[in-house]
1. Rounded to the nearest 500 deg cm²/dmol, what is the calculated helix-only ellipticity per residue at 222 nm for the chain, with -39500 (n - 2.57) per DSSP H run of length n ≥ 4?
2. What is the chain's relative contact order, in percent, from Cα pairs under 8 angstrom and six or more apart in sequence?
3. Quick one: P(r) of region 10-54 from all Cα-Cα pairs, 5 Å bins, percents rounded to integers, in order of increasing distance.
4. At 0.36 nm per residue, and after removing the present C-alpha to C-alpha distance, how many nm does the segment from C56 to H27 gain when stretched out fully?
5. From the residues F40, S82, A72, which one has its Cα farthest along the dipole of the chain in the positive direction, the dipole being from +1 and -1 charges on Cβ of Lys/Arg and Asp/Glu about the Cα centre?
6. Hey, what do the phi angles of region 99-108 turn into as Karplus ³J(HN,Hα) couplings, whole Hz, using 6.51/-1.76/1.60 and θ = phi - 60°, x for Gly and Pro?
7. State to the nearest 20 debye the size of the charge dipole of the chain about its Cα centre, where the only charges are +1 on K and R beta carbons and -1 on D and E beta carbons.
8. Using the Kirkwood radius built from alpha carbon pairs, what does the Stokes-Einstein equation give as D for the chain at 20 °C and 1.002 mPa s, in µm² per second?
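Values in this text are rule-based calculations from the coordinates and carry no lab data. On a predicted model such as this, the values are computed, not experimentally measured, just so you know. Cβ atoms come from the backbone with ideal geometry, glycine included; neighbour counts cover every protein chain shown.
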Amino acid sequence: MIYRLIINAISLWVAAYTIPGVHFDRHANILTIFTVALIFGGINAVIRPILDLVTCPIYMITLGLFTFIMNALMLALTSWLSGYAFMVDGFVSAFLGSIVISMVSTVLSVILKPRKHKKE
């Protein structure tokens, strides 16, 4: 859980740093970033599976490309729920931000993957 929270926080920060229109409040500190990451993780853990189930036919029709739209919507919802701490200015910013977040999250998950120790 802490592992995912750290990865989400770093991914959100990278998106805010690289995508114009995705940004944290100018007074944001590390606690703010982790709070937004917690909101983002909660949305992806609770709301996302329900929406994926409801929109399953759309995923099949678009051959999975609707995933990008859903990711952008989840990022916009995170912005709305976090108030002024984290802001996304529009759909294009949310779309580009969600792509950056997905890429950074994937890379960090591979690099920082917890190692399972073999019992001998």
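1. Helices in the chain give a 222 nm mean residue ellipticity of -21500 deg cm²/dmol.
2. 37 percent
3. Values per bin, smallest distances first: 5, 20, 23, 20, 14, 11, 4, 1.
4. Separation in residues times 0.36 nm, less the Cα-Cα distance, equals 6.5 nm.
5. Value: F40.
6. Taking θ as phi minus 60°, the curve returns 5, 4, 4, 5, 5, 5, 4, 5, 4, 5 Hz for region 99-108.
7. Around 580 debye, computed over the chain.
8. My calculation gives 143 µm²/s for D.
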